[in-house]
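Down below is the structure, laid out as structure tokens.
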Amino acid sequence: MINGDHDTEDGQHATRVLLVDDHRMFTELLGLALDVSSEFECVGTAQTGAEALDLAIRHQPDLVLMDIQLRGESGLDVTTKIRDVLPDAVIVVVSAHQDPLWVARAAQAGASAFTPKSGTLSEMLDVLRMAHNGHMLVSPSIYRRAAAEMEDAPDAVVERLTAREHEVLILMGKGMVPAAIALLLGISLNTCRHYVKSIHLKLGARSQLEAVVTAQRLGIIDEREES
């Protein structure tokens, strides 16, 4: 793997990616594809949770691609551990499962996006690109199905959102990043980030994905608001 820093064609730093999957061929091929791309850089590959956590702390990646099931351990448990040490990293959970329940569980673990493992290399790179830009890659219909199937999830006691927080939450449900939300609402980026953090706190969410799933399950936002 090529682990040296490199920049994109426009002079920006390439997105640093950590790959976590116990299928060595998958990580090696994807790692090579990332390294030959001008916009990504593979900073390491891990096959176990311990390796993933060590590399995450050591390399501070921008994005982590996490297999939902590692050999003998849950990729979602590893996701939670990495989220604790890298709260700003984008974690994309990749899986052969497309059951909405797994989407909801990934969100609860702190994943920023969820995508199936099937598809072409080009599609996978598109997923990473969009996830790093803040887009959630699960459709609202899957969010709703996921929330409906979470029978074991207790009803949360949610502190009332302010009118502005609700407005920001609706835009989060559309997959917009804080910078785009701030521009649309005519507020500063720092103010928007404050609203997002407050929403996360009030909903007990660790990521934008989980905040939207929780808000839909509680009926705070609905299909009309997202369309």
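The values are calculated or read from the model by the stated rules, or taken from the named source; none is laboratory data. Since the model is a prediction, treat every value here as computed from it, not as a measurement. FYI the Cβ positions are ideal-geometry reconstructions off the backbone, even for glycines, and counts take in every protein chain you see. The area values use the complete protein model at the heavy-atom level, side chains included, leaving out ligands, DNA and RNA. Shrake-Rupley method; radii C 1.70, N 1.55, O 1.52, S 1.80 Å.
Straight-distance candidates among the lysines for linking to Lys117, with alpha-carbon spacing under 30 Å and chain neighbours fewer than 8 residues away dropped: Lys81, Lys174. Here Glu123 sits with roughly 100 square angstrom of accessible surface, probe radius 1.4 Å. Annotation for Gln60 and Arg160: the two label points, set 7 Å from Cα along the Cα-Cβ direction, are 4.2 nm apart. Along its principal axes, region 19-84 has C-alpha extents of 32, 24, 15 angstrom, given from the largest down.
Any idea of Ser122's accessible area? Nearest 10 Å², probe 1.4 Å. Estimated to the nearest 10 Å², Ser122 gives 70 Å².
Packing, as the average of other Cβ atoms within 10 Å across residues, places the peptides 18-28, 205-215 in the order 205-215, 18-28, highest first. Multiplying the residue separation of Thr80 and His194 by 0.36 nm and subtracting their alpha-carbon distance yields 38.8 nm.
Using a 1.4 Å probe on the protein chains only, how many percent of the accessible area of region 45-103 belongs to carbon and sulfur? The computed percentage sits at 49. Dividing the Cα radius of gyration of region 61-112 by 2.2 N^0.38 Å, with N the residue count, gives 1.03. Given R0 = 30 Å, the distance between the Cβ atoms of Asp126 and Ala179 translates into a calculated FRET efficiency of 0.90.
What distance in nm separates the simple spin-label points at Leu218 and Met25, each placed 7 Å from Cα in the Cβ direction? Roughly 4.6 nm, to one decimal.
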